[in-house]
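Each remark here refers to the structure printed beneath this line.
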Amino acid sequence: MKVKNSYIPWSFLDIVAKEEGLFRKRDLEVDFFAVGRTEAEPEDKVEWYGNLVKGGELDAYSVCAWGAIDRLAEKEREKIVAATTSSGYAFSILVQPGLGIKTAADLADIPIAVNMKTGSHYCILSDLERTLPYSKIKVVHGAEPHNRLKGLLEGRFQAVALISPYTELAVQLGFVKVAETKTVDVLAFVARDDIPMEVLTRYLAALDEAAKMMKANRERFRGLYIRTLRETFQGFPDEWRARINKLIDKVAPSIPITTWGELTDYPRESFNSLSTWMSKHNLLEANVTYERMVMNQPLERVQSS
């Protein structure tokens, strides 16, 4: 299987499963697909992911609860096959110092860099809507967290949405945290629907075992977590990468490790709530139904065994 590596926190179950030989134990070969070191994910995730799957470059990936709904709205080749929730999943908004921005209320009409069509995009919109008129919330595409942090360093962005551990690094670099989201923490696993059922079952069983291992002793995986974080900065200029690596050394012992729980069905209540909100805000590519987009059989086999 070819699986998207979105690094931490989203792909950490896949990373642990591969590192610990949990795929190999089940006679399953998993290769990671990742964006190039000096590249960035495009704004249109629906078309991009669709083309990756159609072109055979990708068989499975994890995505926020919102993105799973949007990405599969018009697709027939993929299904949501499982979900999990995290121990701590919040996006923070970091701003350049000296702008006079102190709270979420000060962000009206300020462009906030997010990764469009992913969790940072939807979480920022839904959370800031509690404070600001929706028309006053402005988001722009800044790609993955490390690229958004790079945009702050370059002065291209006044404000960005970041997730831990990038939030902690941004604070160490002198940027100001002014808000934190408190929204849905569901992560969905999406796979091509023509993958044999027994292969999907083995894949999900490996992820579920990885979740149990992390639950039993998350500190055992701190080194892997930090190493994965460093990988995301490999495309940075040498001087910046050296500076950030020193900061990582400083915060590594205390950075919270985001862990994901044992796999479950994608919650129908979450699906209904999020799809209703997205439709209301004209954020969906097409009409959606839970029955058409969710395939629970592989996970049911894992749970029954």
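Read-outs: derived from the displayed coordinates by stated rules, not from any lab. From a predicted model like this one, the values you see are computed outputs, not experimental measurements. Here Cβ is always computed from backbone atoms with ideal geometry, including for glycine, and neighbour counts include all displayed protein chains.
To the nearest 10 degrees, how steep is helix 238-251 against the longest Cα principal axis of the chain, on a 0 to 90 scale? Tilt relative to the chain: about 80 degrees. Once you place label points 7 Å from the Cα toward the Cβ at Lys280 and Asp44, how far apart are they in nm? Going from the Lys280 label point to the Asp44 one covers 2.9 nm. By its C-alpha gyration tensor, with a ≥ b ≥ c as the square roots of the eigenvalues, how is the stretch 181-227 shaped: rounded for a/c under 1.5, else prolate for a/b larger than b/c, else oblate? Oblate, since a/c reaches 1.5 and b/c is not below a/b. Look at where the Cα atoms of the stretch 44-90 and of the stretch 236-305 average out, and the two centres are 10 Å apart. Computed from backbone phi with θ = phi - 60° and the Karplus coefficients 6.51, -1.76 and 1.60, the 3J(HN,Hα) list for the stretch 12-25 is 5, 5, 4, 5, 4, 4, 6, 4, 8, x, 6, 6, 4, 4 Hz; x is used for glycine and proline. Mind scanning Lys4/Lys45; Lys2/Lys54; Lys45/Lys102 and naming the pairs with a C-alpha gap bigger than 21 Å? Violating the 21 Å Cα-Cα cut-off are Lys45/Lys102. When both the stretch 161-179 and the stretch 1-27 are represented by their alpha-carbon centers, they are found 27 Å apart. Taking every DSSP helix (H) stretch of at least 4 residues in the chain, weighting each as -39,500 (n - 2.57) and dividing the sum by the residue count yields a mean residue ellipticity at 222 nm of -12000 deg cm²/dmol.
To the nearest ten degrees, helix 145-154 and the longest principal axis of the Cα atoms of the chain are 20 degrees apart. Please say if the chain is rounded, prolate or oblate, where rounded means a/c under 1.5 for a ≥ b ≥ c the square roots of the C-alpha gyration tensor eigenvalues, and otherwise the choice is prolate for a/b larger than b/c and oblate otherwise? It comes out oblate by the Cα gyration axes. Ordered by the number of other Cβ atoms lying within 10 Å of each residue's own Cβ, fewest first, Trp66, Trp240, Trp10, Trp277 fall into the sequence Trp240, Trp277, Trp10, Trp66. If one takes the longest principal axis of the Cα atoms in the chain, at what angle in degrees, from 0 to 90 and to the nearest 10, does the Cα axis of helix 45-54 lie? Roughly 30 degrees, rounded to the nearest 10.
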